[in-house]
Amino acid sequence: MEHENNTKPEYNNLKIICTDDCGNAPKKYFLKEFTIAFAKNDMVFIIDNITDNFQWNIIGKKIIKGKENFVETLKKMCNSKVTELHIKSIISHGYDGSLNGTLIFDNKKSYAFSNVFKFTSSRNNSKIRECTSYVIDLL
């Protein structure tokens, strides 16, 4: 799945570490690309691949409803640049998918995360309608 790099030039230096089996199924590959787009702040790719009524549930923090609110939230979160993305595992089956890993930022903060995705259908190339994120601040 090729997509244009619609990010700022400084995001081109993002180090990506992913296990070998992350790309052996279309939805697994898509979730990998979506997560990379998120780390690079590639708004065009993200917007093209979520539904208008997308919902993001950040456990223990907040629930963001709607594509426009999601985009506004992402714009506010762009204070620090992701320098490394470690993807540990990707699972997909039918309407569901999950990905977990670690993000390291230029300010040296790091977070472990797990995202659980709901797609609009079980077919490949389906848009994401919901994401539930579990995020832990690593010391």
### Query
Mean residue ellipticity at 222 nm from the helices of the chain, using -39,500 (n - 2.57) per DSSP H segment of n ≥ 4 over the full residue count, to the nearest 500 deg cm²/dmol?
-6500 deg cm²/dmol
### Task
May I ask you to compute the full-extension gain from N57 to K118, defined as 0.36 nm times their residue separation minus their alpha-carbon distance, rounded to one decimal in nm?
20.8 nm
### Task
Using the 2.2 N^0.38 Å rule of thumb for compact globular proteins, work out how region 20-138 stacks up: its C-alpha Rg over that value, please.
1.00
### Query
What's the FRET efficiency of I47 with H93 using the Cβ-Cβ distance as r and R₀ = 30 Å, to the nearest 0.05?
0.75
### Summary
If unit charges are put on Cβ atoms (+1 for Lys and Arg, -1 for Asp and Glu) and the dipole of region 46-139 is taken about its Cα centre, the option from L85, N49, V71 lying farthest towards the positive end turns out to be V71
### Task
Which order do the peptides 71-84, 117-130, 31-44 take when ranked by the mean count of other beta-carbon atoms within 10 Å per residue, highest first?
31-44, 117-130, 71-84
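Any read-out appearing in this document is the output of simple, stated calculations on the displayed coordinates, not a laboratory observation. Keep in mind the model is a prediction, meaning the values are calculated, not measured. Glycine also receives a Cβ, built like all others from the backbone with ideal geometry; neighbour counts cover every protein chain displayed.
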